[in-house]
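The values are calculated or read from the model by the stated rules, or taken from the named source; none is laboratory data. For clarity, every value in this text was computed on a predicted model and none was experimentally measured. No Cβ is skipped: glycine too gets one built from the backbone with ideal geometry, and neighbour counts run over all protein chains shown.
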There are 2 protein chains.
Amino acid sequence: MKLYSGPASGNSYKARLLLALTGIEYELASLNLQKGEQKSPKFLKINPRGQVPALIDGDVTVWDSQGIITYIALKYAPDWLPLDPKHMGKIMQWMAFAENECLYGMARSRAVVRINRPWNLEETQAHGEAGLKIINAHLQGRQWLVGQMPTLADIACFPYVALAPEGNLLLDGYAGIQAWISRIKALPGFVGMPGIDP
Amino acid sequence: MKLYSGPASGNSYKARLLLALTGIEYELASLNLQKGEQKSPKFLKINPRGQVPALIDGDVTVWDSQGIITYIALKYAPDWLPLDPKHMGKIMQWMAFAENECLYGMARSRAVVRINRPWNLEETQAHGEAGLKIINAHLQGRQWLVGQMPTLADIACFPYVALAPEGNLLLDGYAGIQAWISRIKALPGFVGMPGIDP
């Protein structure tokens with residue numbers, strides 16, 4: 001199994017974190033995103049979006065972090081994706097939250113601040129802040145986003161919530177989020193990324 | 001099963017379309033989004049995002065179109081969500097595409113043009129157009145986005161692709177998309193919405 005990843009990409013980190021927590025062996029292909037390796041003709045045949053992450057496992061190619069972590073969990077780590085309708089519906093709800101509030105709010109704010117991407121910071125921060133309020137309220141009295149064990153919902157939401165301060169969205173007031181971050185960091189096999197210390 | 005929906009919401013339509021195609025009976029609660037009924041304190045207890053759609057089925061509440069159609073398919077219409085890793089990974093890849101290119105590209109362009117939302121139309125259209133190219137290329141030689149049958153991937157991507165012209169993203173040059181739209185409209189039980197004629 002080969003994972004195409006970028007060192008500072010929170011989306012790539014979702015896959016690397018799941019693979020680390022489950023102890024699954026894989027080959028890492030780390031692309032230089034500043035040099036635009038993700039836009040090369042060769043890589044566009046793997047992922048027409050020109051983005052990391054992408055995964056190749058035998059004859060299967062999957063792109064997008066959500067597709068990749070779903071594939072990995074179903075094939076190699078089913079405990080991370082309980083398939084009963086109630087749990088799965090809610091996991092997919094939070095996976096969508098990861099693709100909306102986390103990505104277009106928190107991650108875009110980080111990209112504006114860190115690498116000067118051309119989005120409206122006030123708008124992305126408002127979107128991200130709304131997301132932080134929702135996830136923090138949900139975590140009151142809960143250990144994990146869905147059910148009694150960590151799932152793909154936690155994996156999908158964790159990176160850009162933990163990186164939110166890099167987009168000047170501070171977590172100081174969010175006790176539920178801070179405790180949840182600590183719980184995830186305490187999982188056996190946890191790995192960090194730039195901006196998220198183990 | 002009660003679905004909270006908005007008449008002009010493509011995200012709500014994903015759930016209504018799946019329910020129509022599968023013949024599942026449900027109660028429809030149509031909110032007046034112009035009047036802000038989705039922001040009422042009562043509704044915020046159902047969905048803290050203050051958005052449609054949301055679903056209540058017995059003791060289960062799910063929000064976000066992706067969470068809702070996953071829940072409905074798993075519980076009542078499993079043919080729409082094959083759970084083997086290869087198919088499921090790719091379905092989740094396209095569900096993520098629906099939450100990115102379709103929502104932040106095509107749907108946001110439509111919202112700027114139709115109801116004057118404050119996003120940068122040039123940027124949202126470029127995002128949407130990139131998505132149309134990817135999905136059109138993928139549909140060359142394929143009937144459906146994943147595998148040999150329609151799945152949640154098609155349900156998730158269809159609404160905002162079909163509504164793209166309302167955001168001034170024309171489909172004239174995209175033969176693969178046009179044929180796919182015709183195939184979806186020909187499915188038994190198909191229902192439309194404003195902007196998508198049966």
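Data for the structure
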quantity	calculated
Condition check for B:Glu101: within 18 Å of the chain's Cα centre (by Cα) and charged (D, E, K, R)	yes
Odd one out for A:Lys90, checked against (1) more than 8 Å from chain B (Cβ to nearest Cβ); (2) basic (Lys, Arg); (3) assigned to a helix (DSSP H, G or I)	(1)
Test: A:Gly105 is at pLDDT 95 or above, in a helix (DSSP H, G or I) and in contact with a Phe, Trp or Tyr (Cβ under 9 Å, 6 or more places away or on another chain)	yes
Qualifying residue in segment B:74-87 (condition: over 18 Å from the mean Cα position of the chain (by Cα), surrounded by fewer than 17 Cβ atoms within 10 Å (Cβ to Cβ), within 8 Å of chain A (Cβ to nearest Cβ) and not hydrophobic (A, V, I, L, M, F, W, C))	yes
Qualifying residue in segment B:142-151 (condition: assigned to a helix (DSSP H, G or I), at pLDDT 95 or above and of a type outside the set (A, V, I, L, M))	no
Selection within segment A:23-64 - within 14 Å of another protein chain (Cβ to nearest Cβ), in a strand (DSSP E or B) and among the hydrophobic types (A, V, I, L, M, F, W, C)	A:Ala54, A:Leu55, A:Ile56, A:Val60, A:Val62, A:Trp63
From A:Gln178, A:Gln125, residue being closer than 19 Å to A:Gly10 by Cα, assigned by TED's automatic domain parsing to the domain that holds A:Met106 and in contact with a Ser or Thr (Cβ under 6 Å, 6 or more places away or on another chain)	A:Gln125
A:Leu103 more than 18 Å from B:Asn100 (Cα to Cα) and either touching a helix residue (DSSP H, G or I) at 6+ places or on another chain (Cβ under 9 Å) or of a type in the set (Gly, Ala, Ser) (or both)	no
Residue match in segment A:31-47 (condition: within 19 Å of the chain's Cα centre (by Cα) and of a type in the set (A, V, I, L, M))	yes
Pair list, Cβ under 6 Å, 6 or more apart: segment B:146-167 residue over 13 Å from B:Met193 (Cβ atoms), other residue among the polar types (S, T, N, Q) and in a helix (DSSP H, G or I)	B:Gly167/B:Ser109
Leading residue by the ranking (modelled with the lowest pLDDT) among those in segment A:108-134 that are facing another protein chain (nearest Cβ under 10 Å) and out of contact with any helix residue (DSSP H, G or I) (no Cβ under 6 Å at 6 or more places or on another chain)	A:Pro118
Segment A:152-175 - residue that is assigned to a loop (DSSP other than H, G, I, E, B) and in contact with a Ser or Thr (Cβ under 9 Å, 6 or more places away or on another chain) and, of those, surrounded by the most Cβ atoms within 10 Å (Cβ to Cβ)	A:Leu169
Test: residue in segment A:67-80 that is in a strand (DSSP E or B) and out of contact with any Asp or Glu (no Cβ under 6 Å at 6 or more places or on another chain)	no
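Rundown of residues vs (1) touching a Lys or Arg at 6+ places or on another chain (Cβ under 9 Å); (2) crowded, with 21+ Cβ neighbours inside 10 Å, yes/no style:
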site	(1), (2)
B:Ala29	yes, no
B:Gln38	yes, yes
B:Leu44	no, no
B:Ile68	yes, yes
